[in-house]
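One structure below.
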Amino acid sequence: MSGDSITTPVPGDSALATAAPTTKRRARIMAVTSGKGGVGKTFISANLAAALARRGERVLVLDADLGLANLDVVLNLHPKITLHDVFTGKATLGEAILPAPGGFEVLLAGSGLVEYSRLTAEVRDQLLKIIETVAPRYDRILLDTGAGISDVVLYAVSLADEVLVVTTPEPTSMTDAYATIKLLATQQQRTAIRLVVNHVGRPGEGRAIRGQLQLVVDRFVAPMLAPDAPALKLDLLGEIPLDPSVREAVQRRRLLMELLPGCAAALAVNALADRLMTA
């Protein structure tokens, strides 16, 4: 595939039609990931993007779950062009960027594409080229990665400035979150990882879980790092309560921030956005 299929804008395209910025400013890139599926990672990515957009940020959500994408389902979008078409040269990047409900934009991946479940040299090059192309045009890019610790997930995370790990109070989710955190510390030398605890049953539960994970990290991960390496810090970005409104929004394929903006979970997502804006 030639570089033109990525860098050539489409006339009138809202994201890429304008002239490239003359400054060196680039988006802050955050990977949203999890050790276990089903913890609400994509839900958080989409609604957090909407909350940030409401605060005036230009936000792009890139569906980096290249084999099992479902961001389109959460947003009730039916794209005719996906990252697969950009990768294969059938469409330009400008054609693949779509406006989403909530005032942000998305780059959607196709579902069931087995060829993108492995980290080939082509996948590495294409993903890196796309991020380098769009980074100057946004304030923030959220990489909605797949769950787990596959090579594709870890590579997508490696392209981010910061990492947000989503977990729940369930023991299996916490165990998988720890496994992800350990790999990010030992393989990518991450010294700070943000944490969101979803589906909490009582206020303060997220803080307790962050404390438990930090103790395990200090005991088992710290000895694996270089003697002069900074200590790995888990930063609790926030917690999101169990809220029946979330299920309603998911079933209706609507953003919670638009459907029920006053519910407890939506207020919690707004709090996450406020913390990111002031960090």
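Here are some notes:
- Considering helices alone, the calculated mean residue ellipticity of the chain at 222 nm is -11000 deg cm²/dmol, with DSSP H runs of length four and up weighted by -39500 (n - 2.57) and normalised per residue.
- Taking amide H as placed 1.01 Å from N in the peptide plane, the amide H of Gly238 sits under 5 Å from that of Leu195, Val197, each at least 5 places away or on another chain.
- When Thr278, Thr168, Thr120, Thr133 are sorted by how many other C-beta atoms sit within 10 angstrom of their C-beta, beginning with the fewest, the order is Thr278, Thr120, Thr133, Thr168.
- Listed by chain and number, the lysines whose alpha-carbon sits under 17 Å from that of Lys36, ignoring those within fewer than 8 places in the same chain, are Lys182.
- Legend: ranking of residues Lys129, Lys90 from fewest to most surrounding C-beta atoms inside 10 Å; resulting order Lys90, Lys129.
- Net charge dipole size for region 28-278 [Lys, Arg +1 and Asp, Glu -1 on Cβ; Debye, nearest 20]: 360 debye
- Summarising the amide proton neighbourhood of Arg58: residues at separation of 5 or more, or on other chains, whose placed amide H is nearer than 5 Å comprise Asp139, Arg140.
- Label-to-label distance for Gln187 and His78 is 3.8 nm, based on points extended 7 Å past Cα in the beta-carbon direction.
- With neighbours defined as other Cβ atoms within 10 Å of a residue's Cβ, the residues Thr92, Thr145, Thr191 order from fewest to most as Thr191, Thr92, Thr145.
- Whole-Hz ³J(HN,Hα) from phi, Karplus 6.51 cos²θ - 1.76 cosθ + 1.60, for region 75-87, glycine and proline x: 9, 6, 9, 10, x, 8, 10, 10, 4, 4, 5, 5, 4
Only the coordinates and a few stated rules stand behind these numbers; no lab work does. Small disclaimer: the values here were computed from a predicted structure and weren't measured. For neighbour counting, all protein chains shown are included, and Cβ atoms are generated from backbone atoms with ideal geometry for every residue, glycine included.
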